[in-house]
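Following: one structure in structure tokens, then a few remarks.
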Amino acid sequence: MKGHLLQNRFVLISGCSGGGKSTLLAELAARGYPVVEEPGRRIVTDELASGGNALPWVDPAPLLRRAVDVALQDIEMAKAHSGWVFFDRGLIDAASALEALTGEPVLHKICSVHRYHRRVFVTPPWPEIYVTDSERRHGFEAATAEYQRLMETLPALGYDVIGLPKLSPSVRADFVLTTLGGCLTSTA
């Protein structure tokens, strides 16, 4: 039963690249909630700093395998927190991308054991705020294709997909907390 209770407070923020996930999570962190940074971004940062090749534009499969491992570690470490814990992407994003790229049947096996809250919040494609940078080099079309894959994957895994409104980070954070029912408070 304890694992079920943990799952109920681990909230996944997923969706389209460049749709404002990290900005929303920064808002939630500023309000005192624990947040877990995107595994892929952390790996890309490390790979760029070390001259590694596990990069989406060089060799994406090793990157995605590492992202699955990092996401599993993140879930374990998040158990130390009480209340809501918000994840910027996570296991589902990494496993679905790995399966789509390689055909390895990892998604259902891993994601049926390691679950997040039943409501997953997704950022829709938002071209007005989409930007590339040194770590996000893919274009808006690729980001939209990723979003479409996730919009099929999440319900197939039994999650309720909640679209985030295209509004300010503060309003988005209020929306997330209200939708969750606000019964678990921040650590602030």
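The values are calculated or read from the model by the stated rules, or taken from the named source; none is laboratory data. Just so you know, these numbers come straight off a predicted model, no measurement behind them. No Cβ is skipped: glycine too gets one built from the backbone with ideal geometry, and neighbour counts run over all protein chains shown. These accessible areas exclude ligands, DNA and RNA; they are computed on the full protein's heavy atoms, side chains included. Shrake-Rupley method; radii C 1.70, N 1.55, O 1.52, S 1.80 Å.
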Unique residue being farther than 25 Å from residue 144 by Cα, open to solvent by 30 Å² or more (accessible area, probe 1.4 Å) and of a type outside the set (Lys, Arg) when the list is 50, 22
50
Checking the structure you have, find out if any residue of the range 148-155 is at pLDDT 95 or above, of a type in the set (A, V, I, L, M) and open to solvent by less than 60 Å² (accessible area, probe 1.4 Å).
yes
Suppose we filter the range 164-175 for residues that are open to solvent by less than 50 Å² (accessible area, probe 1.4 Å) and over 13 Å from residue 23 (Cα atoms); how many remain?
1
Could you tell me which numbered condition residue 89 fails, if it satisfies all but one of (1) open to solvent by less than 50 Å² (accessible area, probe 1.4 Å); (2) farther than 24 Å from residue 153 by Cα; (3) among the basic types (Lys, Arg)?
(2)
The lone condition residue 94 fails out of (1) over 17 Å from the mean Cα position of the chain (by Cα); (2) of a type outside the set (S, T, N, Q); (3) closer than 14 Å to residue 157 by Cβ is (1)
What single numbered condition from (1) surrounded by 12 or more Cβ atoms within 10 Å (Cβ to Cβ); (2) modelled with pLDDT of 90 or more; (3) β-branched (Val, Ile, Thr) fails to hold for residue 178?
(1)
For the range 53-74, what are the residues that are under 27 Å from residue 9 (Cβ atoms), in contact with a Gly (Cβ under 9 Å, 6 or more places away or on another chain) and open to solvent by 40 Å² or more (accessible area, probe 1.4 Å)?
66
Among the candidates 17, 112, 22, residue that is within 23 Å of residue 142 (Cα to Cα) and in a helix (DSSP H, G or I):
22
